[in-house]
Amino acid sequence: MMTAFSVSLLCAVALAVGAREIGRRASPRLGSAALVAAALTVAVAADAALAVLIGARLLDVAPLAGLLGWRAERPGHIPVPVPVTVIAAGLLVFTAVRGAADWRSARRGWRRLHELPSDAPGTELIVMRSPAFVAHALPARRSSPGRIVVSDGLLSSLDAAERRVVLAHERSHLRNRHDRYRTLVRIAARINPLMRPAVAATDLLLERWADEDAARAVGSRRVAARALARAAITATAARSAPEPAGFAALAVSTRVQALLAPAPAAGSRTALVVLPALALTAAVSAGLATHDLAHLFDLLRGDG
């Protein structure tokens, strides 16, 4: 049981450590899907292993066993150490508290984001009168279609081709429903805080995905890179916000370098091999730990 738990935890740590490099090197489309799936699987598996560990310790509590009429443990059974159980319980409590706080914060941000265009006409593009450099894709909801919100401050700083890049970038977010990827990977991080690096890595992959779509839409990777760099540099020089929002808000230098390089290959060895392997290993380990717990339960009841 301890071995299975350790393997699940090591898978979570490995994914957390490697997430940043995955965001830089994996192909955007496949890498983002594989990373989100792996983060969710590993997060659930690691938390399940923690819960199993606590359950195993509770089954070994003598008063509980006596109350339920269970027999003593069989020779050779090694109970989960009390310090390990306390640490596991503390981690689960921390995860629950931190996850609830993150969820409330995310809901507040989501509401603020959608309040801006809520009363605007039902058009795809909404231009805000603001010197701030803003570009956001607001995903479709039941009550409204997907929309692109940009500021006239951003549009006036770009030429016609660069404006096309910005709009194509945001349309890619809407068309490919990148909001769902972001939501799922953030759920993984709320389930298990070790998955926080996967959030930033997924965001980077989604931005790179939209960058690639924008480059194809305008027919030039160099124009797309120029639009991204100019938006970031102009916003920084103007100091209209702590950091440029939306289009040029994340890892600009990495994204510009990716656009100036050849288009990424359709496949990705990292996404195809490493991420599924980590997810499968974590899931199998959690399953084995659960099986061990069920076997211990049968032994104590006298069914084994």
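The values are calculated or read from the model by the stated rules, or taken from the named source; none is laboratory data. Just so it is clear, the model here is predicted, and its values are computed rather than measured. Ideal geometry is used to build each Cβ from the backbone, glycine not excepted, and the neighbour counts take in all protein chains shown. Heavy atoms of the whole protein, side chains included, go into the accessibility calculation; ligands, DNA and RNA do not. Shrake-Rupley method; radii C 1.70, N 1.55, O 1.52, S 1.80 Å.
So, by mean Cβ neighbours within 10 angstrom, what's the order for 149-162, 189-202 with the highest one leading? Intermediate values should be presented prior to the final figure.
On the way: 149-162: 17.3, 189-202: 22.6.
Packing proxy ranking, top to bottom: 189-202, 149-162.
Counting only protein heavy atoms and a probe of 1.4 Å, the accessible surface of segment 188-239 is 58% carbon and sulfur. Residue separation of A140 and T123 scaled by 0.36 nm, minus their Cα-Cα distance, works out to 4.9 nm of gained length. Annotation: per residue accessible area for segment 139-192 equals 44 Å², rounded to a whole number [probe 1.4 Å, protein chains only]. With R₀ set to 25 Å, the beta-carbon distance separating R20 from V273 gives a calculated FRET efficiency near 0.85.
Applying the Karplus relation 6.51 cos²θ - 1.76 cosθ + 1.60 with θ = phi - 60° to segment 16-30 yields 3J(HN,Hα) values of 5, 5, x, 4, 4, 5, 4, x, 7, 10, 5, 5, x, 5, 6 Hz, where x marks Gly and Pro.
Carbon and sulfur together cover what percent of the accessible area of segment 7-51 at a 1.4 Å probe radius? The value for segment 7-51 is 67 percent carbon and sulfur by accessible area. In this structure the amide hydrogen of A251, modeled in the peptide plane, comes within under 5 Å of no amide hydrogen from residues 5 or more places off or on another chain.
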